[in-house]
Amino acid sequence: MSLHVDEHRGDQCCGDQCRVVECRACGHRVYPARLWCPACGHDEARPVGVEEGELLAWTVVPDKGRAAQPGSGSDSANLPDPVEPADPADPQPVFIATVRALPDGPVLVVRLQAPPAHIGQRLRLFERETSGRTLPWAGPLPDLDPNLGA
Amino acid sequence: MSQAQAVGLRPEPGPCIVAVGETPALRHPEPTCSTAGLMAQAIGQALRQVGIAPAQVDGLGVASFTLRPDRAIDLAWRLGLRLNWCMQDELGGASAINLLRQAWLALEAGQAQTIVLVSGDHFTGADFAGLVRGYNRSAQEYLSPLGSAGPNPLFAMLTQRQMAQTGLRREDYGALCVAQRGWAANNPNAAYRQPLSLAQYLEAPMVAPPLGRLDCVPVVSGASALVLQARPTGVHVRLLASGARYNHDEQEGDGLQTGIAEFADGMWRQAAVRPEDMDVVSVYDDYPAMALAQLCDLGFAGTDDLPGFIARRIATRELPVNTAGGQLSAGQAGAAGGMHGLVEVARQLLGQAGARQLQNPRHGVVTGYGMVQLRYGMCANAAVLRREES
């Protein structure tokens, strides 16, 4: 038995939104796809787009100690310092985040366009070709002053 | 409970750990070093300790990422072991206790009389990078291409959430690392034995904030082994109770609580001892945050005052935790990292811990944790052990 995901429909459904997998029986959402619904066992699912998420945590690799450092608790209100221009010998810092897609999940590990403002910030979710694969990214919500958060 | 216990007769001895062995943790192994060679060294050491000849071994359990293309049975052949029981386990940091639980059942059922459990790995830099990049399908097809290679970024985010939830600061994680380094000073097999100061911990380069280099285990080559017997004599270590949870939350929780929290109460009840009875503790320390999470799950601490718990109980050695230095100081030899803590608690209870030997420890508890999926480890297990003599 293996999961049947109606990919054809997915091509039309979601634009550049981040596509996750929703169980056709119970509505449970996961990413990436599983072999059947891990919540109810049903084996039919459909792709659905998620376009907004809440930032749960983030980090940056590899940064050689120079790039913005996410704090925790009270420190996280501080905006990180701007990232210094990369040394040609050094890889560019990669910002990674854990984001809960709103309103019904799932929790995603995503690539961030830029360091976020604070934990709990609302982010726009989208897909981008990354290392030859279509993978989830997050960036600021459109028309929102990032200093105000969400 | 055996029949003899049920009718009130003297309890039968039952299966026990009788010996342990461990190679030095090698940061720069010789070109001739091999996974199987390291395993043979650890097994040989353990067997010699109790005068058991290889010909008496009739069970073998193996955990390794780098033994390929050989498997457990090939290792048996190369060691000349003729077996009634043979198992291979790939649960990484949870493999040792998983093997221990299975070996126990096999000995109780009479499937074998003398079982050797061994775990070990030998890495070159490229081997290790390849292992973490392709650790499982999610790593290979999702996280690594995304730019989140290996466990560090995931546990950086988990540590960040733990800091926000508990008020732990980098200085507190540092105090745990400093305490473990203090123990490592008396473990001749440890990769890092020189004293570590809090300032050195804090000054170490950032790897994935808030994780610095000293929050991450040094990758080493090495092997660990245990010998178990169905009817031991002399000093031995009995398994009082154990528990395990594999994929306990489908990776949909926050990772700050492991599956141990689900079975800890039952395990303590079955063992008829409590956390406060433990004389020695090994918790799986792939990162300081996970060591603390497991200590909470076991019932040693609450999340309300972890900084105080570290300062008052761990730093003072009032609660001896990871007394061989843990993986953070002794090093993580791949799957052998999962056996390091078990070997240390058994070694302390057997009274063979040399300069770091605790005074007459009677009870110990060990945890295993690992197999990172999308966000954190999927596997967690624990075992309560007691020293006995007959």
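Quick notes on this one:
- Average beta-carbon neighbours from other chains, 10 Å sphere, peptide B:23-30: 0
- Distant-in-sequence amide H partners of B:Ala19 (H built 1.01 Å from N, under 5 Å): B:Val227
- Modelled FRET efficiency - R0 30 Å, B:Asn136 with B:Glu389, Cβ distances, 0.05 increments: 0.10
- Least to most buried among A:Cys13, B:Cys86, A:Cys23 (fewest other Cβ within 10 Å first): A:Cys13, B:Cys86, A:Cys23
- Gained length - B:Arg27 relative to B:Leu105, 0.36 nm times residue gap less alpha-carbon distance: 24.5 nm
- Take each residue in B:249-255, count the other chain C-beta atoms within 10 Å of its C-beta, and the mean is 3.
- Neighbour counting of Cβ atoms within 10 Å sorts the residues B:Tyr173, B:Tyr246, fewest neighbours leading, into B:Tyr246, B:Tyr173.
- Cβ-to-Cβ counts within 10 Å put B:Val345, A:Val21 in ascending order as A:Val21, B:Val345, the fewest first.
- Annotation for B:Gln165 and A:Glu51: the two label points, set 7 Å from Cα along the Cα-Cβ direction, are 3.3 nm apart.
- Mean-position separation - Cα centroids, segment B:354-390 and segment B:223-277, in angstrom: 7
- Sites B:Thr303 and A:Gln92, calculated FRET efficiency, Cβ-Cβ separation with R0 51 Å, nearest 0.05: 0.90
- Taking Lys and Arg as +1 and Asp and Glu as -1, the other residues whose beta-carbon sits under 13 Å from that of B:Leu358 total +2.
- 3J(HN,Hα) along segment B:294-306, derived from phi through the Karplus expression 6.51 cos²θ - 1.76 cosθ + 1.60 where θ = phi - 60°, amounts to 6, 4, 5, 4, 6, x, 6, 8, x, 7, 7, 9, 5 Hz, with x in place of Gly and Pro.
- Computed lengthening from B:Thr124 to B:Glu250, 0.36 nm per intervening residue step minus Cα-Cα distance: 42.1 nm
- Average beta carbon contacts from partner chains per residue of B:139-148, 10 Å cutoff: 6
- Couplings 3J(HN,Hα) for segment B:261-275, derived from phi with the Karplus relation 6.51 cos²θ - 1.76 cosθ + 1.60 (θ = phi - 60°), are 4, 6, 10, 4, 4, x, 5, 5, 4, 5, 6, 6, 9, 10, x Hz, where x marks Gly and Pro.
- Rounded to the nearest 20 debye, the dipole magnitude of the protein assembly as shown is 1520 debye, with +1 charges on Lys and Arg beta carbons, -1 on Asp and Glu beta carbons, and the Cα centre as origin.
- Figure legend: label point modelled 7 angstrom from the Cα of B:Asn186 along Cα→Cβ; residues of segment B:358-386 with amide N under 16 Å from it are B:358-362.
- Per-peptide average of other Cβ atoms within 10 Å, ordering B:93-99, B:271-277, B:159-165, B:376-382 highest first: B:93-99, B:376-382, B:159-165, B:271-277
- Cβ-defined net charge surrounding A:Glu54, 14 Å radius [Lys, Arg +1; Asp, Glu -1]: 0
- Site pair B:Arg231 and B:Asn84 shows an inter-label distance of 1.2 nm when each label is modelled 7 Å from Cα along Cα→Cβ.
No lab work stands behind these numbers, since they all come straight from the coordinates. It should be emphasised that the depicted structure is a prediction, and the values quoted were computed from it without experimental measurement. Cβ coordinates were reconstructed from backbone atoms using ideal geometry, including for glycine residues, and neighbour counts include every protein chain displayed.
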